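See structure below.
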Amino acid sequence: MTEPPMSTDLTGLTATVTGAGSAPADVVGNGRAVATLLARRGANVVAVDRDASRVEDTASYLNESGGSCLPLVGDVTDDAFCREISERAVAEYGAVNMLFNNVGVGGPQGTVVNVDLEKWRRTLDVNVTSMLLTSRYAIPKMVAAGGGAIVNMSSAAGLVGGHAHIAYAVTKGAIVNMTRAMAAQHGADGIRVNCVAPGMAYTAMVASQNMTTEMREARRQRSMLQTEGTPWDVAETVVFLLSPAAKWTTGVTVPVDAGRTAGERSNPVFVFDKEISS
Ligand SMILES: NC(=O)c1ccc[n+]([C@@H]2O[C@H](COP(=O)([O-])OP(=O)(O)OC[C@H]3O[C@@H](n4cnc5c(N)ncnc54)[C@H](O)[C@@H]3O)[C@@H](O)[C@H]2O)c1
């Protein structure tokens, strides 16, 4: 028997992570957690965020703890900046092999009846078009490097109805099928495209929304595992999908949600009191 090489080792590969900052710095975000795990597995990381101090914090943390991270400051809805991301990655590290499209915002409140149209359009830009822009410049570089892997960030809100804000639900749903379409269009070039759909993990974004202990407890109880997730739970799945360990996996969306979108939690009230046989 011949064993394949260790497939989680990312030494020598380069990954771009968008939204790689976190605020407040003591609560990690999904982007920073993924950037950290990638660095721990040996990858060079290009960390992108529109907030300079957040992304510089991520880069200092990684560079001071044995990793190699290039921070880039800009807005991923800006076409010229997205071109620059891939060009700077190649100039610094020689290639682009992996891309984690993580940037996403909660967007405006409201239904189709009353959502603010300008904010709706901005949310489409930030949550969906940004992924098109980063990918359009990364994919040719990945092809030049012999192939690559992309993971897009959706949400449990993109898999089921029930989210209160139409803009978030629609954009996160769009990312699921964008992933399948990208996977089909670029698979023959050796580009894998997958997606993760987290449930409510406790991240910097959530912390900044002043979520009360009661609200966190209510969310926790809605999942099958009855635990609150962390960005580290999300990051393990993202890094698996980016790594050669997932080299035969493309076009899928993996819920990372303690079972929240798989169905309702088993309820003892619904256990039948006698066996039913035909
Ligand atoms: N927090 C959760 O429970 C949860 C659940 C499901 C999905 N998600 C998704 O995870 C992703 C990250 O969420 P998080 O909670 O870790 O957020 P976060 O606020 O901790 O981090 C997001 C980062 O993205 C940056 N950013 C925002 N807009 C940008 C832009 N236009 N250009 C460049 N950078 C920009 C922010 O400055 C911030 O540092 C989002 O796509 C979100 O929808 C989060």
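The values are calculated or read from the model by the stated rules, or taken from the named source; none is laboratory data. Not measured: the values here are computed from a predicted model. In this analysis, Cβ positions are derived from the backbone assuming ideal geometry, glycine residues included, and neighbour counts consider all displayed protein chains.
Kindly evaluate Ser130 against the criterion of being among the hydroxyl-bearing types (Ser, Thr, Tyr) and within 11 Å of the ligand (Cβ to nearest atom). Give the derivation first.
Details: among the hydroxyl-bearing types (Ser, Thr, Tyr): yes; within 11 Å of the ligand (Cβ to nearest atom): yes.
Criteria met by Ser130.
When only residues in region 24-52 that are in a helix (DSSP H, G or I) and either more than 10 Å from the ligand (Cβ to nearest atom) or among the basic types (Lys, Arg) (or both) count, which is surrounded by the fewest Cβ atoms within 10 Å (Cβ to Cβ)? Here the residue is Arg40.
Check whether at least one residue in region 264-278 is under 15 Å from the mean Cα position of the chain (by Cα), more than 13 Å from the ligand (Cβ to nearest atom) and not in a loop (DSSP other than H, G, I, E, B), and report yes or no. Before you say what the answer is, go through the steps one by one.
Here is the first cut: in region 264-278, the residues under 15 Å from the mean Cα position of the chain (by Cα) are none.
Checking region 264-278: not a single residue is under 15 Å from the mean Cα position of the chain (by Cα), more than 13 Å from the ligand (Cβ to nearest atom) and not in a loop (DSSP other than H, G, I, E, B).
A search for C-beta distances below 6 Å between a residue of region 29-40 that is under 17 Å from Met200 (Cβ atoms) and any residue that is small (Gly, Ala, Ser), counting only pairs 6+ apart in sequence or on different chains, returns Gly29/Ser22; Gly29/Ala204; Gly31/Gly19; Gly31/Ala20; Ala33/Ala235. Exactly one residue out of Gly107, Gly162 is buried (at least 20 other Cβ atoms within 10 Å of the Cβ), within 14 Å of the ligand (Cβ to nearest atom) and assigned to a loop (DSSP other than H, G, I, E, B): that is Gly107. If we scan region 83-103, do we find a residue that is modelled with pLDDT of 95 or more, under 20 Å from the mean Cα position of the chain (by Cα) and closer than 20 Å to Gln209 by Cα? Within region 83-103 (the criterion being modelled with pLDDT of 95 or more, under 20 Å from the mean Cα position of the chain (by Cα) and closer than 20 Å to Gln209 by Cα), the answer is yes, since at least one residue qualifies. The conditions of being within 20 Å of Asn152 (Cβ to Cβ), modelled with pLDDT of 95 or more and within 16 Å of the ligand (Cβ to nearest atom) are not met by Leu10.
For Val103, state whether it is in contact with a Cys (Cβ under 7 Å, 6 or more places away or on another chain) and closer than 18 Å to Asn127 by Cα. Before you say what the answer is, go through the steps one by one.
Working: in contact with a Cys (Cβ under 7 Å, 6 or more places away or on another chain): no; closer than 18 Å to Asn127 by Cα: yes.
It is false that Val103 is in contact with a Cys (Cβ under 7 Å, 6 or more places away or on another chain) and closer than 18 Å to Asn127 by Cα.
Only one residue in Ala188, Ala235 is closer than 28 Å to Thr11 by Cβ, within 16 Å of the ligand (Cβ to nearest atom) and among the small types (Gly, Ala, Ser). Which one? Steps first, please.
Details: Ala188 fails: within 16 Å of the ligand (Cβ to nearest atom).
On inspection, the qualifying residue turns out to be Ala235.
Looking at region 59-82, which of the residues that are among the small types (Gly, Ala, Ser) and buried (at least 18 other Cβ atoms within 10 Å of the Cβ) is farthest from the ligand (Cβ to nearest atom)? I'd like the intermediate steps shown before the answer.
First pass over region 59-82, keeping only residues among the small types (Gly, Ala, Ser): 59-60, 65-68, 74, 80.
Then drop every residue that is not buried (at least 18 other Cβ atoms within 10 Å of the Cβ), which leaves 59, 67.
Values: Ala59: 13, Gly67: 18 Å.
Looking at the filtered set, the residue picked out is Gly67.
Within the group Asn194, Asn152, which residue is within 22 Å of Leu38 (Cα to Cα), away from the ligand (no atom under 12 Å from the Cβ) and crowded, with 20+ Cβ neighbours inside 10 Å?
On the way: Asn152 fails: away from the ligand (no atom under 12 Å from the Cβ).
The match here is Asn194.
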